[in-house]
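Chemist: One structure, as structure tokens, below. Some questions next.
The values are calculated or read from the model by the stated rules, or taken from the named source; none is laboratory data. Quantities reported herein were computed from a predicted structural model and do not represent experimental measurements. Because the Cβ atoms are built from the backbone with ideal geometry, glycine has one as well, and the counts that use them run over all protein chains shown. Remember, those area values only see protein heavy atoms, side chains included, never the ligands or the DNA or RNA. Shrake-Rupley method; radii C 1.70, N 1.55, O 1.52, S 1.80 Å.
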Amino acid sequence: MRSDVIDAFHLPAIEHPRTSTWAYGRGEDAFEVRLPRVSPVDLKRQVEALGTARDRYLAHRPVAEIVGVIDRVAARFQDPADPLRRAAERALPAVTAYSAPMIRLVLDRMAADWRAPRLRELLRAEFGDPRVLDGFHPAPRAHGQQAAFGPRLAVHVFSGNVPGVAVTSIIRSLLVKAATLGKAAVGEPLLAALFARGVAEADARIGECLAVTYWAGGDEIMERAALADADAVVVYGGAEAVASIRARTPPTGQFLGYGPKVSFGVVGRGALSGDSARAAARGAALDASTFDQQGCVSPHLFYAEEGGAVSPEAWSAMLAEEMALVEGELPRGTLAPGESSAIRQLRAEAEFAEAGGGGTRLHASGEGTAWTVLYDPRPDFTASCLNRVVRVKPVASLADVPGLVERYAPVLQTVGIAADADETRALATALARVGASRFTPLGKMAWPPPWWHHDGRSPLRELVRWADLEE
């Protein structure tokens with residue numbers, strides 16, 4: 001295949017599928033991305049082939065060997081000289097509109113989580129003894145033995161907001177020995193396909209158990225062909241997309257829907273002094289800038305507790321300084337006209353409020369809309385228009401925060417916290433009761449570990465069924 005043509009699919013049972021071509025770049029930087037145009041009949045044939053290949057090659061494969069195959073592919077994505085890494089670095093900035101430094105960071109951080117040591121930690125965290133995926137083994141703290149069995153076929157529907165999430169989802173599926181069909185998003189159709197190609201090159205038999213393709217969202221005929229034989233369906237996307245796929249999932253199939261979520265940060269008064277305040281501002285800036293605020297783990301705002309050596313208003317200025325520094329290191333990607341307009345409108349409203357003397361303070365990038373920090377004395381939780389737009393809001397006490405976010409309970413997810421250990425535990429307990437599911441230090445919001453309970457769910461145990469062998 002020509003080096004300037006990248007296939008955004010892996011369909012081992014469909015020889016020479018019809019394709020549509022998207023062109024990017026100019027001159028020496030020009031390249032093409034080919035998306036498949038698969039019929040429902042072809043898709044059905046591919047689904048059947050996946051199940052057959054799984055029964056032959058994957059169901060009885062030791063999980064340790066599967067980890068080894070994934071590790072070899074992940075190592076290729078960490079190698080700047082490898083063709084898979086080069087293709088991802090070349091194409092993803094143009095396809096996703098993220099900056100090239102952002103794509104390099106995402107590939108480095110996520111590929112590290114796909115390596116064998118991290119996957120072994122994930123398996124141990126989920127199962128204790130991962131060999132329960134290979135057959136019956138003694139059950140801990142109980143009599144008898146137990147075994148865990150993954151689905152025969154898992155269908156994954158991906159969103160395109162954060163590159164790499166699709167690959168992580170595929171890896172989870174392979175670890176529980178499920179044949180896997182991935183439906184890529186139009187906003188990011190490449191990385192999962194490149195990963196699938198790498199799996200096939202590392203182990204042709206496992207490669208036959210994995211397919212990645214694309215069809216237009218909402219195509220009911222294609223969805224029926226994909227879902228009819230699914231034992232598990234995993235969906236990432238907006239509320240409507242998740243609900244639509246849920247309605248089409250077979251009654252006997254396991255459904256895991258990951259819809260839209262919101263996250264935020266909290267800074268205690270103890271962290272608002274000297275070097276601690278600067279460190280909290282640096283961590284908050286990284287959290288708000290990574291993925292250009294498009295991820296479910298990205299903070300919309302930060303609550304800062306009053307009474308520290310640095311006031312919440314002064315800390316917002318400190319955060320603005322750090323946002324500017326991060327922009328220099330990790331530039332924001334390209335925005336659509338509507339996204340830029342939303343930021344400019346918000347800034348205009350903030351300038352009007354600031355002139356009115358109500359305490360609002362606007363800090364913004366000097367040129368363009370690269371970043372925006374708005375100090376807002378009103379305590380209500382306010383969702384961001386994203387793309388590195390954050391608010392800082394003062395609170396009299398950390399104990400006030402759960403009540404301020406309670407109405408967002410169904411969509412709360414990650415909370416970044418800068419506070420001492422006792423305050424962090426107390427706040428996490430209160431917010432977990434409200435609905436948040438992950439608590440982490442500021443600066444780490446963007447990078448949950450492989451074993452995190454995504455939206456409160458176990459990453460692997462949710463995919464398996466258990467069998468008990470009694471003594």
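Chemist: Are there any pairs, at least 6 apart or on different chains, whose C-beta atoms fall under 8 Å, with the first in region 446-471 and under 15 Å from ILE171 (Cα atoms) and assigned to a strand (DSSP E or B) and the second open to solvent by less than 80 Å² (accessible area, probe 1.4 Å) and among the aromatic types (Phe, Trp, Tyr), and if so, which?
Modeler: Going by the 8 Å Cβ cut-off, the qualifying pairs are HIS454/TYR258.
Chemist: Can you tell me which residue in region 13-55 is nearest to ALA88 (Cα to Cα), limited to those that are open to solvent by 60 Å² or more (accessible area, probe 1.4 Å) and touching a Leu at 6+ places or on another chain (Cβ under 9 Å)?
Modeler: TRP22
Chemist: While we're here: Do you know which residues across region 112-130 are outside any helix (DSSP H, G or I) and open to solvent by less than 20 Å² (accessible area, probe 1.4 Å)?
Modeler: Quick first cut of region 112-130, residues outside any helix (DSSP H, G or I) only: 114-115, 128-129.
Answer for region 112-130, where residues must be outside any helix (DSSP H, G or I) and open to solvent by less than 20 Å² (accessible area, probe 1.4 Å): just TRP114.
Chemist: Also: Residue under question is LEU58, and the condition is that it be under 23 Å from GLY187 (Cα atoms) and crowded, with 18+ Cβ neighbours inside 10 Å; does it hold?
Modeler: Numbers: under 23 Å from GLY187 (Cα atoms): no; crowded, with 18+ Cβ neighbours inside 10 Å: yes.
Spelling it out, it is not the case that LEU58 is under 23 Å from GLY187 (Cα atoms) and crowded, with 18+ Cβ neighbours inside 10 Å.
Chemist: Using the structure shown, decide if HIS454 is surrounded by 21 or more Cβ atoms within 10 Å (Cβ to Cβ) and on the phi < 0 side of the Ramachandran plot.
Modeler: Details: surrounded by 21 or more Cβ atoms within 10 Å (Cβ to Cβ): yes; on the phi < 0 side of the Ramachandran plot: yes.
For HIS454, the condition - surrounded by 21 or more Cβ atoms within 10 Å (Cβ to Cβ) and on the phi < 0 side of the Ramachandran plot - is met.
Chemist: Also, quick follow-up: Any residue in region 6-26 that's of a type in the set (Lys, Arg): show its pairings with residues that are modelled with pLDDT of 95 or more at Cβ separation under 8 Å, as long as the two are six or more apart or on different chains.
Modeler: ARG18/PRO36; ARG18/ARG37; ARG18/VAL38
Chemist: From the list VAL33, VAL63, VAL69, VAL73, pick out the single residue that is of a type in the set (A, V, I, L, M, F, W, C), farther than 28 Å from GLU121 by Cα and either in contact (Cβ under 8 Å) with a residue 60 or more places away in the chain or out of contact with any helix residue (DSSP H, G or I) (no Cβ under 8 Å at 6 or more places or on another chain) (or both).
Modeler: Details: VAL63 fails: farther than 28 Å from GLU121 by Cα; VAL69 fails: farther than 28 Å from GLU121 by Cα; VAL73 fails: farther than 28 Å from GLU121 by Cα.
The conditions single out VAL33.
Residue-wise test of (1) open to solvent by 10 Å² or more (accessible area, probe 1.4 Å); (2) in contact with a strand residue (DSSP E or B) (Cβ under 7 Å, 6 or more places away or on another chain).
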{"residue": "VAL132", "(1), (2)": "no, yes"}
{"residue": "ALA147", "(1), (2)": "no, yes"}
{"residue": "LEU153", "(1), (2)": "no, yes"}
{"residue": "HIS156", "(1), (2)": "no, yes"}
{"residue": "GLY160", "(1), (2)": "yes, yes"}
{"residue": "ALA178", "(1), (2)": "no, yes"}
{"residue": "LYS183", "(1), (2)": "yes, yes"}
{"residue": "ALA196", "(1), (2)": "no, yes"}
{"residue": "ARG205", "(1), (2)": "yes, no"}
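Chemist: Also, quick follow-up: Any residue at all in region 347-357 that's assigned to a helix (DSSP H, G or I), free of Cβ contacts under 8 Å to residues at least 24 places away in the same chain, surrounded by 15 or more Cβ atoms within 10 Å (Cβ to Cβ) and in contact with a Ser or Thr (Cβ under 9 Å, 6 or more places away or on another chain)? Quick ask: steps written out before the conclusion?
Modeler: Filtering region 347-357 for residues assigned to a helix (DSSP H, G or I) gives 347-355.
Subset that is free of Cβ contacts under 8 Å to residues at least 24 places away in the same chain: 348-349, 351-355.
Then keep just the ones that are surrounded by 15 or more Cβ atoms within 10 Å (Cβ to Cβ); that gives 353-354.
Within this subset, residues satisfying the condition of being in contact with a Ser or Thr (Cβ under 9 Å, 6 or more places away or on another chain) are 353-354.
Yes, because at least one residue in region 347-357 is assigned to a helix (DSSP H, G or I), free of Cβ contacts under 8 Å to residues at least 24 places away in the same chain, surrounded by 15 or more Cβ atoms within 10 Å (Cβ to Cβ) and in contact with a Ser or Thr (Cβ under 9 Å, 6 or more places away or on another chain).
Chemist: So, of the residues in region 69-107 that are among the charged types (D, E, K, R), more than 20 Å from GLY295 (Cβ to Cβ) and out of contact with any Lys or Arg (no Cβ under 8 Å at 6 or more places or on another chain), which turns out to be surrounded by the fewest Cβ atoms within 10 Å (Cβ to Cβ)?
Modeler: ARG86
For every residue, the table says whether it meets (1) open to solvent by 50 Å² or more (accessible area, probe 1.4 Å); (2) in contact with a strand residue (DSSP E or B) (Cβ under 8 Å, 6 or more places away or on another chain).
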residue: TYR258; (1), (2): no, yes
residue: VAL262; (1), (2): no, yes
residue: PRO331; (1), (2): no, no
residue: PRO337; (1), (2): yes, no
residue: ILE343; (1), (2): no, yes
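Chemist: I would also like to ask the following. Six or more apart or on different chains, Cβ under 8 Å: which pairs go from a residue in region 397-420 that's within 19 Å of ALA446 (Cβ to Cβ) to one that's open to solvent by less than 10 Å² (accessible area, probe 1.4 Å) and among the polar types (S, T, N, Q)? Could you list them?
Modeler: LEU412/SER263; GLN413/SER263; THR414/SER263; VAL415/SER263; GLY416/SER263
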